[in-house]
Amino acid sequence: MELDYTLIGKRIQTIRVQKKITQEKLAEQANLSTSYISAIETGTRHPTLDTLCNIGEILGTTVDNFIYGDSYFESDPMKEKILKEFDDCSSEEKDLLYDLLAASKDVIKKHKGARFGW
């Protein structure tokens, strides 16, 4: 897969503007020059994976979002509710909750919801 750096740059710019962060502020936080941020946003410079990760962290998003865009991460309200429950859990709690969720899903599929009135 060939990366479309122009599209990646546009996505970075869009997210940056939505977050009301100037190129100067992003450059400062990423320890880069403003002209380099501008060149990334226009697709004339191809940032390293480390740089994209750093920019993503500053902008509160992931490299996947820069590469694939929002359509790749279509919102599902139920998934968001489930993920929100994991926010304040320890790693061990997350593992246990995942195991419980997977086991519950298996039971529901096995009984095809008949026991639950579906």
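General observations
- Principal-axis analysis of the Cα atoms of the chain puts helix 91-111 at an angle of about 50° to the longest axis.
- In this calculation the C-beta distance from residue 67 to residue 109 is compared with R0 = 35 Å, giving a FRET efficiency of 0.60.
- Within the chain, helix-based [θ] at 222 nm, where runs of 4 or more DSSP H residues each add -39,500 (n - 2.57), nearest 500: -20500 deg cm²/dmol
- Nearest-0.05 FRET efficiency for residue 19 and residue 45, computed from C-beta distance (R0 35 Å): 0.95
- At a probe radius of 1.4 angstrom, the accessible area of the chain per residue rounds to 75 square angstrom.
- Taking the 1.4 Å solvent-accessible surface of region 1-73 as the whole, the part contributed by carbon and sulfur is 48%.
- Computed accessible area, residue 108, all protein chains, 1.4 angstrom probe, square angstrom: 60
- Entry for P(r) over Cα pairs in 5 Å bins from 0, in percent (calculated from the structure that is shown) out of [x] 2, 10, 15, 16, 12, 10, 10, 9, 6, 5, 3, 1, 0; [y] 2, 8, 6, 6, 5, 5, 5, 5, 5, 4, 5, 4, 4, 4, 4, 4, 4, 3, 3, 3, 2, 2, 2, 2, 1, 1, 1, 0, 0; [z] 2, 11, 24, 25, 21, 12, 3, 0: [x]
- Folded to 0 to 90 degrees: helix 49-59 orientation relative to the chain principal axis, Cα: 80
- The stretch between residue 100 and residue 4, if pulled fully straight at 0.36 nm per residue, gains 30.5 nm over its current Cα-Cα span.
- In this structure, the residue pairs whose Cα-Cα separation is over 24 Å, taken from 19/84; 81/105; 25/94; 79/110; 81/109; 84/105, are 25/94.
- Cα gyration tensor shape of region 1-47, rounded if a/c is under 1.5, else prolate or oblate by comparing a/b with b/c: oblate
- Region 1-62: GluC sites (Glu not before Pro) in DSSP coil with no more than 16 other Cβ atoms inside 10 Å: 2
- Acute angle (nearest 10 degrees) that the helix 77-86 long axis makes with the longest principal axis of the chain, alpha-carbon atoms: 90
The values are calculated or read from the model by the stated rules, or taken from the named source; none is laboratory data. What you see is a predicted model; the values in this text were computed from it and never measured. All Cβ positions, glycine included, derive from the backbone under ideal geometry; neighbour counts span all protein chains shown. Note: areas computed on protein heavy atoms with side chains; ligands, DNA, RNA excluded. Shrake-Rupley method; radii C 1.70, N 1.55, O 1.52, S 1.80 Å.
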